[in-house]
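Asker: Quick one: the structure is below, questions incoming.
The values are calculated or read from the model by the stated rules, or taken from the named source; none is laboratory data. What you are looking at is a predicted structure, and each value in this text was computed from that prediction instead of being measured. Here the Cβ positions follow ideal geometry from the backbone for every residue, glycine too, while neighbour counts run over all protein chains shown. Surface accessibility is based on the protein's heavy atoms, side chains included, excluding ligands, DNA and RNA. Shrake-Rupley method; radii C 1.70, N 1.55, O 1.52, S 1.80 Å.
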Amino acid sequence: MGYNFNEIEKKWQAYWRNNKIYHVTETPDKAKIYVLDMFPYPSGAGLHVGHPLGYIASDIYSRYKRLQGYNVLHPMGYDAYGLPAEQYAIQTGQHPAITTLKNIERYRSQMDKIGFCYDWDREIRTCEPDYYKWTQWAFIRMFESYYSYEVQQARPISELIATFEQQGTQNLNLACTESLTFTAEEWNVKTEKEKQAILMNYRIAYLADTMVNWCPALGTVLANDEVSEGISIRGGYPVEQRKMRQWSLRVSAYAQRLLDGLNVIDWTESLKETQRNWIGRSEGAEILFKVKALDYEFPVFTTRADTLFGVTFMVLAPESDLVPLLTTEAQREAVQKYLDKTKKRTERERIADRKVTGVFSGSYAVNPVNGTEIPVWISDYVLAGYGTGAIMAVPAHDSRDYAFAKHFHLPIIPLIEGADVSNESFDAKEGMMVNSGFLNGLTVKEAIQKAKEYIAEQHLGHVKVNYRLRDAIFSRQRYWGEPFPIYYKDGMPYPVALEDLPIKLPEIDKFLPTESGEPPLGRAKDWIYEENGVKYPLELATMPGFAGSSAYYLRYEDPCNDKALVSSEANRYWRNVDLYIGGTEHATGHLIYSRFWNKFLFDLGIVCEDEPFKRLINQGMIQGRSNFVYRIKDTNTFVSFNLRAQYEVTPIHVDVNIVSNDVLDIEKFRAWNPEYKNAEFILESGKYICGWAVEKMSKSMYNVVNPDDIVEKYGADTLRLYEMFLGPLEQSKPWDTNGIDGVHRFLRKLWNLFYKNDNLCVCETSPNLEELKSIHKLIKKVSYDIEHFSFNTSVAAFMICVNELTGLQCNKKAVLSDLIVVLAPFAPHIAEELWHALGNTTTVCDARFPDFDEKYLKESHVVYTVSFNGKARFTIELPVNTAAPDVEKAVLNHQNSQKWLEGNTIRKVIVVPNKIVNIVVG
RNA sequence: GCCCGGAUGGUGGAAUGGUAGACACGCAAGACUUAAAAUCUUGUGACCAUCGCGGUUGUGCGGGUUCAAGUCCCGCUCCGGGUACCA
């Protein structure tokens with residue numbers, strides 16, 4: 001009979017569920033820990049063996065913390081809105097809600113089999129009206145807020161209106177789309193519509209004409225983090241730049257706080273660095289250039305104010321508002337031709353073929369430091385969205401300007417002593433300034449500083465910090481997402497009343513855009529909002545995927561509250577997430593938006609912590625490990641891996657589930673595909689050995705391993721231990737079922753410590769010193785490892801301990817009891833079973849994690865390694881903590897030393913207590 | 001191009017600067033068995049060896065610091081990830 005894992009696991013999973021073992025409530029006298037997994041998007045393919053990796057790690061941590069007496073919040077839910085369900089709906093007509101529900105059920109059943117300690121009473125789904133009510137609510141609060149740089153905080157828009165009424169825009173430092181200036185008098189005489197238009201310029205959730213990533217194939221716009229190299233991340237379709245009226249979130253207002261916050265959270269340095277780069281702070285100056293022959297000036301941003309004397313031309317982005325203004329009559333046709341051409345180029349094409357292109361606008365600007373007249377060009381190497389959409393070009397010291405100058409034969413003036421710019425630009429910020437008027441003789445760094453001061457003093461511009469971080473485009477022209485709680489009156493957007501939330505997603509007949517090109521919601525009947533008996537149209541776009549995932553961790557704290565996103569009591573108790581585990585792919589998306597969203601709620605006083613995730617661990621990706629068979633060309637004969645060189649062969653992917661330790665199950669292979677029914681094999685040592693390669697885990701490579709199958713064959717505890725044993729949590733690694741037997745054997749050995757011939761065989765005798773030493777070594781190691789997320793070495797420690805106890809034939813209850821509790825976070829089912837077998841009536845989850853006692857770990861004797869000139873020669877055993885001179889004496893008198901000492905003089909002896917003796921001779 | 005990681009046996013991987021290769025897989029030999037599977041025991045970096053003494057060599061490459069370097073420093077090579085006309 002022995003270790004019947006299937007029965008045990010089913011039994012205890014039911015017990016945990018029926019007794020609500022993992023349900024938690026706010027318990028003020030108990031310290032809390034909040035452990036969170038990034039909730040999954042329930043895809044149609046179900047979980048593969050890579051998905052639970054992080055879940056297992058967080059589960060171990062949660063269970064461990066609970067054993068230490070903490071009140072552990074460990075919830076799970078679903079990021080249920082998303083493109084795949086909608087694409088599937090378009091193809092099949094199946095409603096995305098149905099597909100999503102089905103997938104959620106599949107995910108749940110798969111997760112249940114692994115034995116996680118989630119509090120399922122707190123489950124959330126982003127597509128449920130009870131949940132997205134609060135997504136919509138937060139959006140309205142953003143709509144009704146502006147951001148003040150003065151107090152570095154979001155403030156209610158009503159405050160701003162009051163300020164405008166009294167002082168206009170005077171002395172205000174606000175986050176805005178474009179900077180406006182007006183007096184109180186001017187404001188007060190504006191119409192309602194004009195006022196609304198102005199306020200839109202300041203709202204944190206705002207509607208504006210912005211350049212967006214438009215994906216024609218998906219029929220929607222995408223945020224910057226949803227596009228990579230001009231291709232949509234979901235689906236891989238080309239994306240183009242287009243100016244459209246869209247909802248955006250003013251994330252950029254929080255750029256500095258998002259940057260500063262990184263210093264106080266415990267995330268990996270590489271992830272913080274990725275966010276720092278994405279936020280992209282750069283210090284520089286905004287400098288005003290006058291346009292010759294026009295009473296007009298425009299600003300450019302530069303980090304190299306020191307190079308002002310080397311400006312030989314200016315460049316505008318093709319989309320810049322300055323283009324029509326500065327284009328002269330003579331150049332109008334040429335400019336228009338250029339604009340038409342660049343507009344046609346997709347982002348992808350621009351990246352793929354980085355040819356220098358551009359056109360002269362006809363206008364000249366005036367260099368503010370020396371009055372030189374410089375031509376203004378237009379080129380797509382300047383981006384409209386960064387800085388001011390215009391640059392001063394210094395070809396001598398910027399490689400992009402250099403390429404442009406060479407191509408159009410524009411002058412290049414070197415400004416740094418000794419810089420050779422005949423073949424390439426000199427971009428480094430080092431050297432001595434020349435040809436630079438008042439900057440001559442300074443180093444580049446000094447010159448940057450001096451130039452900035454000069455610009456400010458002479459009112460040529462001002463010092464400025466720029467951020468690469470853009471506002472998040474928040475509209476999606478899709479069906480399967482949260483509807484906006486916004487209606488239109490007189491063409492202007494207004495939020496619906498809070499008591500009318502949620503605005504539920506309407507039913508529609510088809511999941512496609514309307515014939516007139518409106519988003520799918522244009523098909524909904526009665527998609528209107530009634531106010532005082534008047535009907536107004538509702539917004540047709542829906543929110544993007546990150547809307548629902550930005551504050552979900554808060555909702556777990558109080559999932560059923562219909563009065564607030566989270567009550568302040570619940571939030572003050574659970575606060576923020578202590579440990580967040582998830583993939584690094586969310587570094588510039590979800591993890592930025594969540595931090596932004598949380599900071600906004602913090603400003604409003606809704607949450608008590610400024611940062612949502614205190615500590616974050618990125619689990620590595622689990623790749624697939626594909627297997628190959630080798631078919632001899634033009635035959636149905638397959639040759640084993642090591643013999644394949646003798647033939648001309650084609651490698652063919654074979655399902656990894658019919659291969660074991662790289663040995664092919666020939667019968668299953670014949671049954672796998674009718675084509676191979678009569679396949680012949682050339683074997684080696686009676687076996688067919690397959691080749692292998694590491695690839696992405698995917699259906700087409702036949703390398704997907706379903707956790708259900710592993711659980712069925714080896715049990716959930718083996719799966720959990722094996723996933724941890726595979727390697728360091730944060731490292732990417734291929735899934736390789738070879739080796740799982742070793743972990744499974746360990747659990748059987750553990751079982752056999754308790755049972756002899758199916759009889760429980762445990763005695764009450766007090767443990768001896770050796771047994772205590774073994775178990776305390778384990779307790780110490782595992783406690784250290786869990787805090788450091790070094791689970792693979794913990795599993796090794798368990799194996800060592802069980803081997804030792806087996807060798808000692810230990811069946812002492814006291815020792816085995818501790819062993820089970822220490823193992824419980826890793827292998828909860830077998831631990832629970834054995835815990836009850838020992839006569840305990842309560843769950844092992846409520847046991848106390850044992851403390852280790854140093855006194856059992858002390859050795860009476862230690863082994864010294866003796867080296868001569870750094871080379872280890874022999875070892876000797878001495879009593880622990882022997883004084884250094886005595887160690888030295890013992891070593892030098894040792895007979896093994898004589899041969900190394902012969903004919904040499906001792907120059908130096910180093911004694912490392914309890915470890916090493918190194919003798920330098922010569 | 002820039003910014004992070006990483007490189008250790010046949011394989012996955014262990015090693016607060018302390019004298020490599022924990023643990024596991026695989027492999028080999030042995031025990032049990034009519035046999036196989038399972039289980040158990042032993043061995044297993046490479047090379048040399050009068051194969052149960054003993055020795056040489058060894059953590060991507062080249063230098064350096066140190067009594068002592070996989071680990072620290074300098075210079076490379078290769079691999080992985082992120083990001084990119086960001087002025």
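Asker: Among the candidates A:584, A:637, single out the residue that is farther than 30 Å from residue A:669 by Cα and not aromatic (Phe, Trp, Tyr). Spell out how you get there, then give the answer.
Answerer: Numbers: A:637 fails: farther than 30 Å from residue A:669 by Cα.
Of the residues listed, the single one that is farther than 30 Å from residue A:669 by Cα and not aromatic (Phe, Trp, Tyr) is A:584.
Asker: Sticking with this structure for a sec: More than 20 Å from residue A:764 (Cα to Cα) and either at pLDDT 85 or above or of a type in the set (A, V, I, L, M, F, W, C) (or both): is that true of residue A:875 in this structure? Explain how you work it out, then say what you get.
Answerer: On the way: more than 20 Å from residue A:764 (Cα to Cα): yes; either at pLDDT 85 or above or of a type in the set (A, V, I, L, M, F, W, C) (or both): no.
Against the criterion (more than 20 Å from residue A:764 (Cα to Cα) and either at pLDDT 85 or above or of a type in the set (A, V, I, L, M, F, W, C) (or both)), residue A:875 does not qualify.
Asker: Just to be sure I understand, how many residues within region A:17-32 are in contact (Cβ under 8 Å) with a residue 12 or more places away in the chain and either more than 15 Å from residue A:122 (Cβ to Cβ) or in a loop (DSSP other than H, G, I, E, B) (or both)?
Answerer: Residues flagged as in contact (Cβ under 8 Å) with a residue 12 or more places away in the chain and either more than 15 Å from residue A:122 (Cβ to Cβ) or in a loop (DSSP other than H, G, I, E, B) (or both) within region A:17-32 amount to 11.
Asker: Would you check which residues across region A:48-98 are under 25 Å from the mean Cα position of the chain (by Cα) and in a loop (DSSP other than H, G, I, E, B) and list them?
Answerer: A:48, A:49, A:50, A:51, A:74, A:75, A:76, A:77, A:79, A:80, A:81, A:82 - these are the residues of region A:48-98 that are under 25 Å from the mean Cα position of the chain (by Cα) and in a loop (DSSP other than H, G, I, E, B).
Asker: Tell me which residues, restricted to region A:567-587, are within 16 Å of RNA strand B (Cβ to nearest atom) and open to solvent by 30 Å² or more (accessible area, probe 1.4 Å).
Answerer: A:584, A:585, A:586
Asker: Follow-up question, since we're still on this one. Does residue A:277 satisfy the criteria of being outside any loop (DSSP other than H, G, I, E, B), near RNA strand B (Cβ under 9 Å from one of its atoms), at pLDDT below 90 and open to solvent by 60 Å² or more (accessible area, probe 1.4 Å)?
Answerer: Values: outside any loop (DSSP other than H, G, I, E, B): yes; near RNA strand B (Cβ under 9 Å from one of its atoms): yes; at pLDDT below 90: yes; open to solvent by 60 Å² or more (accessible area, probe 1.4 Å): yes.
Considered against the rule, which asks whether it is outside any loop (DSSP other than H, G, I, E, B), near RNA strand B (Cβ under 9 Å from one of its atoms), at pLDDT below 90 and open to solvent by 60 Å² or more (accessible area, probe 1.4 Å), residue A:277 comes out as yes.
Asker: Just checking: which of the strands (runs of 3 or more DSSP E) contained wholly in region A:520-638 hold 2 or more residues that are polar (S, T, N, Q)?
Answerer: The strands (runs of 3 or more DSSP E) meeting that bar are A:622-632.
Asker: A further question on this structure: Evaluate region A:55-78: report whether one residue or more is at pLDDT 95 or above, more than 18 Å from residue A:825 (Cβ to Cβ), of a type outside the set (Lys, Arg) and crowded, with 19+ Cβ neighbours inside 10 Å.
Answerer: Among the residues of region A:55-78, at least one is at pLDDT 95 or above, more than 18 Å from residue A:825 (Cβ to Cβ), of a type outside the set (Lys, Arg) and crowded, with 19+ Cβ neighbours inside 10 Å, which makes the answer yes.
Asker: Just wondering, is there one or more residues in region A:351-361 that are crowded, with 19+ Cβ neighbours inside 10 Å, small (Gly, Ala, Ser), farther than 23 Å from residue A:212 by Cβ and away from RNA strand B (no atom under 15 Å from the Cβ)?
Answerer: Yes, because at least one residue in region A:351-361 is crowded, with 19+ Cβ neighbours inside 10 Å, small (Gly, Ala, Ser), farther than 23 Å from residue A:212 by Cβ and away from RNA strand B (no atom under 15 Å from the Cβ).
Asker: Right, next: Cβ-Cβ under 9 Å, sequence separation 6+ or interchain: first residue in region A:900-912 and open to solvent by 90 Å² or more (accessible area, probe 1.4 Å), partner near RNA strand B (Cβ under 9 Å from one of its atoms). Which pairs?
Answerer: Between residues of region A:900-912 that are open to solvent by 90 Å² or more (accessible area, probe 1.4 Å) and residues that are near RNA strand B (Cβ under 9 Å from one of its atoms), the close pairs are A:907/A:919; A:907/A:920; A:908/A:918; A:908/A:919; A:908/A:920.
Asker: Out of everything in region A:648-662 that is open to solvent by less than 40 Å² (accessible area, probe 1.4 Å) and within 16 Å of RNA strand B (Cβ to nearest atom), what residue ends up being nearest to residue A:697 (Cα to Cα)? Write out each step before concluding.
Answerer: Start the filter on region A:648-662 by keeping residues that are open to solvent by less than 40 Å² (accessible area, probe 1.4 Å), which leaves A:652, A:654-656, A:658-659, A:662.
Okay, now just the ones that are also within 16 Å of RNA strand B (Cβ to nearest atom), so A:656, A:659, A:662.
Working: A:656: 11, A:659: 16, A:662: 17 Å.
Result: A:656.
Asker: Report yes if residue A:736 is assigned to a helix (DSSP H, G or I) and touching a Lys or Arg at 6+ places or on another chain (Cβ under 7 Å), otherwise no. Full working, then the answer.
Answerer: On the way: assigned to a helix (DSSP H, G or I): no; touching a Lys or Arg at 6+ places or on another chain (Cβ under 7 Å): yes.
Spelling it out, it is not the case that residue A:736 is assigned to a helix (DSSP H, G or I) and touching a Lys or Arg at 6+ places or on another chain (Cβ under 7 Å).
Asker: Limited to region A:857-882, what total is found for residues that are open to solvent by 50 Å² or more (accessible area, probe 1.4 Å) and within 29 Å of residue A:772 (Cβ to Cβ)? Outline the logic, then answer.
Answerer: First, the residues of region A:857-882 that are open to solvent by 50 Å² or more (accessible area, probe 1.4 Å): A:858-861, A:863, A:869-873, A:875, A:877, A:879-881.
Adding the requirement that they be within 29 Å of residue A:772 (Cβ to Cβ) leaves A:858-861, A:863, A:875, A:877, A:879-881.
The total comes to 10.
Asker: May I pose another question? From the list A:821, A:802, exactly one residue is open to solvent by less than 20 Å² (accessible area, probe 1.4 Å), under 30 Å from residue A:24 (Cα atoms) and either part of a helix (DSSP H, G or I) or hydroxyl-bearing (Ser, Thr, Tyr) (or both). Which is it?
Answerer: Working: A:802 fails: under 30 Å from residue A:24 (Cα atoms).
Only one candidate passes the filter, namely A:821.
Asker: Counting only residues that are buried (at least 23 other Cβ atoms within 10 Å of the Cβ) and of a type in the set (Lys, Arg), which one in region A:466-509 is farthest from residue A:89 (Cα to Cα)?
Answerer: So, considering only residues that are buried (at least 23 other Cβ atoms within 10 Å of the Cβ) and of a type in the set (Lys, Arg), the one farthest from residue A:89 (Cα to Cα) is A:476.
Asker: Write out, first by first residue and then by second, each pair whose Cβ atoms fall under 8 Å of each other, whose residues are 6+ apart or on separate chains, and whose first residue, in region A:263-282, is within 15 Å of residue A:225 (Cβ to Cβ) and among the aliphatic types (A, V, I, L, M) while the second is within 8 Å of RNA strand B (Cβ to nearest atom) and open to solvent by less than 20 Å² (accessible area, probe 1.4 Å).
Answerer: What qualifies is A:271/A:587.
Asker: Could you please find all residues in region A:684-715 being among the basic types (Lys, Arg) and either part of a helix (DSSP H, G or I) or touching an Asp or Glu at 6+ places or on another chain (Cβ under 7 Å) (or both)? Even if it seems obvious, please write down each step before you answer.
Answerer: Step one: of region A:684-715, the residues among the basic types (Lys, Arg) are A:687, A:696, A:699, A:713.
Scanning region A:684-715 gives A:699, A:713.
Yes/no matrix, rows are residues, columns are (1) among the hydrophobic types (A, V, I, L, M, F, W, C); (2) within 13 Å of RNA strand B (Cβ to nearest atom); (3) crowded, with 17+ Cβ neighbours inside 10 Å:
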position: A:646; (1), (2), (3): no, no, no
position: A:670; (1), (2), (3): no, no, no
position: A:678; (1), (2), (3): no, no, no
position: A:689; (1), (2), (3): yes, yes, yes
position: A:695; (1), (2), (3): no, yes, no
position: A:712; (1), (2), (3): no, no, no
position: A:719; (1), (2), (3): yes, no, yes
position: A:729; (1), (2), (3): yes, yes, yes
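Asker: Condition first: part of a loop (DSSP other than H, G, I, E, B) and within 16 Å of RNA strand B (Cβ to nearest atom). Now tell me which residues in region A:467-519 satisfy that. Walk me through it before giving the result.
Answerer: Within region A:467-519, the subset part of a loop (DSSP other than H, G, I, E, B) is A:467-471, A:474-475, A:477-482, A:484-485, A:490-491, A:496-497, A:501-519.
Within region A:467-519, A:467, A:468, A:469, A:470, A:471 meet the criteria.
Asker: Could you identify the single residue in A:255, A:162 that is part of a helix (DSSP H, G or I), at pLDDT 90 or above and away from RNA strand B (no atom under 16 Å from the Cβ)?
Answerer: Numbers: A:255 fails: away from RNA strand B (no atom under 16 Å from the Cβ).
Matching residue, one of A:255, A:162: A:162.
Asker: Of all residues in region A:754-799, count the ones that are touching a residue at least 40 places away in the same chain (Cβ under 8 Å), within 14 Å of RNA strand B (Cβ to nearest atom), open to solvent by 10 Å² or more (accessible area, probe 1.4 Å) and part of a helix (DSSP H, G or I).
Answerer: 5
Asker: Among the residues of region A:99-116, which ones are within 24 Å of the chain's Cα centre (by Cα) and assigned to a helix (DSSP H, G or I)?
Answerer: Selection gives A:100, A:103, A:104, A:107, A:108, A:110, A:111.
Asker: If I filter region A:716-733 down to residues being in a helix (DSSP H, G or I) and of a type in the set (Ser, Thr, Tyr), which single residue comes out as farthest from the chain's Cα centre (by Cα)? Walk me through it before giving the result.
Answerer: Taking region A:716-733 first, the residues in a helix (DSSP H, G or I) are A:716-725.
Subset that is of a type in the set (Ser, Thr, Tyr): A:718, A:722.
Values: A:718: 28, A:722: 25 Å.
Per the stated criteria, the residue is A:718.
Asker: For region A:213-233, name all the residues that are over 18 Å from the mean Cα position of the chain (by Cα) and within 10 Å of RNA strand B (Cβ to nearest atom).
Answerer: Of everything in region A:213-233, those that are over 18 Å from the mean Cα position of the chain (by Cα) and within 10 Å of RNA strand B (Cβ to nearest atom) turn out to be A:229, A:230.
Asker: Take the conditions farther than 30 Å from residue A:622 by Cβ, open to solvent by 10 Å² or more (accessible area, probe 1.4 Å), modelled with pLDDT under 95 and not charged (D, E, K, R) and apply them to residue A:561. Does it pass? Break it down stepwise before answering.
Answerer: Numbers: farther than 30 Å from residue A:622 by Cβ: yes; open to solvent by 10 Å² or more (accessible area, probe 1.4 Å): yes; modelled with pLDDT under 95: no; not charged (D, E, K, R): yes.
So residue A:561 fails the test.
Asker: I'm trying to understand the selection: among the residues of region A:166-187, which are touching a helix residue (DSSP H, G or I) at 6+ places or on another chain (Cβ under 6 Å), more than 16 Å from residue A:250 (Cβ to Cβ) and either touching a residue at least 60 places away in the same chain (Cβ under 8 Å) or not in a loop (DSSP other than H, G, I, E, B) (or both)?
Answerer: A:166, A:167, A:184, A:187
Asker: Restricting to region A:805-818, and then to whatever is touching a Cys at 6+ places or on another chain (Cβ under 7 Å) and not in a helix (DSSP H, G or I), can you tell me which residue is surrounded by the most Cβ atoms within 10 Å (Cβ to Cβ)?
Answerer: Looking only at region A:805-818, we keep the residues that are touching a Cys at 6+ places or on another chain (Cβ under 7 Å), and these are A:811-813.
With not in a helix (DSSP H, G or I) added as a condition, the list becomes A:811-812.
Details: A:811: 18, A:812: 20.
Checking each candidate, the answer is A:812.
Asker: Given the criterion farther than 27 Å from residue A:178 by Cα, more than 12 Å from RNA strand B (Cβ to nearest atom) and polar (S, T, N, Q), identify the matching residue among A:422, A:399.
Answerer: Working: A:399 fails: more than 12 Å from RNA strand B (Cβ to nearest atom).
None of the others qualify; the one that does is A:422.
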